[in-house]
1. Sort 197, 311 so that the residue with the fewest other Cβ atoms within 10 Å of its own Cβ comes first and the one with the most comes last.
2. Which of the chymotrypsin sites (Phe, Trp or Tyr not before Pro) found in the range 255-348 are in a DSSP loop and have at most 13 neighbouring Cβ atoms, other than their own, within 10 Å?
3. Return the FRET efficiency for the residue pair residue 143, residue 80: r is the Cβ-Cβ distance, R0 is 30 Å, and the value is rounded to the nearest 0.05.
4. Mean separation of Cα pairs under 8 Å and 6+ residues apart, divided by the residue count of the range 2-129: what relative contact order is that in percent?
5. Holding the Cα-Cα limit at 19 Å, pick out from 200/341; 216/341; 165/200; 149/200 the pairs that are longer than that.
6. Under 18 Å from a point placed 7 Å out from the Cα of residue 166 along the Cα-to-Cβ direction: which residues of the range 198-212 have their backbone N that close?
7. What's the Cα-based Rg to Rh of the chain, Rh via Kirkwood?
8. At most 14 other Cβ atoms within 10 Å and a DSSP loop assignment: could you name the trypsin sites (Lys or Arg not before Pro) in the range 1-96 that fit?
Amino acid sequence: MQWGSVEERVIDLNNERQVNLIRSFLAKFNLTFLDRVDYTMGLFKDGQLVGTGSLAGEVLRNIAIEEHMQGEGFTAAVVSHLMQEAGRRGIFHYFIFTKPATAYLFAALGFHEVGRAEPYAALLESGMGSIDSYYREIAVAAAGLPPGKRACLVVNCNPFTLGHKAVIAKAAAENEGVIVLVVSEEGSVFPFDVRLRLVKEGLAEFHNILVVPGGKYIVSAATFPGYFTREDETVTAQTRLDATIFAQRIAPALAISSRYIGDEPYCPVTRAYNAALADILPQHGIEIRIMERIAIGGQPVSASRVRSLIREEKWDEIRPLVPDSTYRYLRSADAVPIIDKVIHNQARH
């Protein structure tokens, strides 16, 4: 599309020269171009790049306009272009991850603020669905839990181990009800549907635990892309934003008074996330319970250790680390493609 002397162009993400042009432009705004985007466009005036924006799933990101052209409607043009492209891809719900100082620009375009962590980041959304409908849906499911103190855990479980189960079991013993939110983002070797199934099966004996998908607002590509991209410069912003959204929006709606987390001796990103939770949640009256990992054979039980043993095919050593349901799945025919991925994947999560 072209109007006046400004032209919209689609950026070829396989063209190194075009990508470097976007990367250099964003650097002027202290923004980092991530390779994990699905689509990027640029605004060009007289052949010069003057604005850009990218789409990564439901997230509209890296939106920047040349300073002397701001206030002339070009931000709206970029957002509109990206939303139209998202619609062509069957996406009708949109997030914008931006700095608090620029959040008002997108609020003026019909986006509603989900949460912010000053001075680092703000998350806004628009389109079909909202955080309000998300926690209303979970609240309906949680109505079946016993009345009284209610705790929450957010778990990835890649795969579900006896370490995960020990922390959740302690929460179940100390509270009348427990909500376990399983990270929905497909950033792990074990797919979300498998991780959710293994958590449910591994906790089937408990009658005061509800296991539900974490959805778009808990450790997701919108609230917490650093968990999957390892962009160290954004970890503080994203961990504090995720913790703030949980404290201000999700916990009150679900009557959660405490959150249980396992200690993290290995992953620096998860340690930073735990630190953000420990700082922010108590400010909102939510107790943090940090549980030491259980150890078997002198070593902490962890999903990363299980995956390491899978790579070495040490099934006798895996058996004591996981519930029966997890072990049966790992040895089943259904798991063969995932086991192959584990063997060829060295990622921490």
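The numbers here are math on the coordinates, done by the rules we state, and not lab data. All of these numbers come straight from a predicted model, not from anything done at the bench. Virtual Cβ from ideal backbone geometry, glycine too; neighbours counted across all protein chains shown.
1. Numbers: 197 17, 311 13.
Going from least to most buried by this count: 311, 197.
2. Details: sites: 260, 266, 273, 315, 327, 329; in loops: 266.
Answer by residue number: 266.
3. Values: r = 40 Å, r/R0 = 1.34.
Computed FRET efficiency for residue 143 and residue 80 comes out at 0.15.
4. Details: 203 pairs, mean separation 21.4, N = 128.
Averaging sequence separation for qualifying contacts and normalising by length gives 17 percent for the range 2-129.
5. On the way: 200/341 23 Å; 216/341 25 Å; 165/200 11 Å; 149/200 21 Å.
Correct reply: 200/341; 216/341; 149/200.
6. Taking a point 7 Å out along Cα→Cβ of residue 166, the residues of the range 198-212 whose backbone N falls under 18 Å are 202-203.
7. Details: Rg = 21.9 Å, Rh = 21.7 Å.
Reported Rg/Rh, Kirkwood definition of Rh: 1.01.
8. On the way: sites: 9, 17, 23, 28, 36, 45, 61, 88, 89; in loops: 28, 36, 89.
Those that pass, being in a loop and sparsely packed, are 28, 36, 89.
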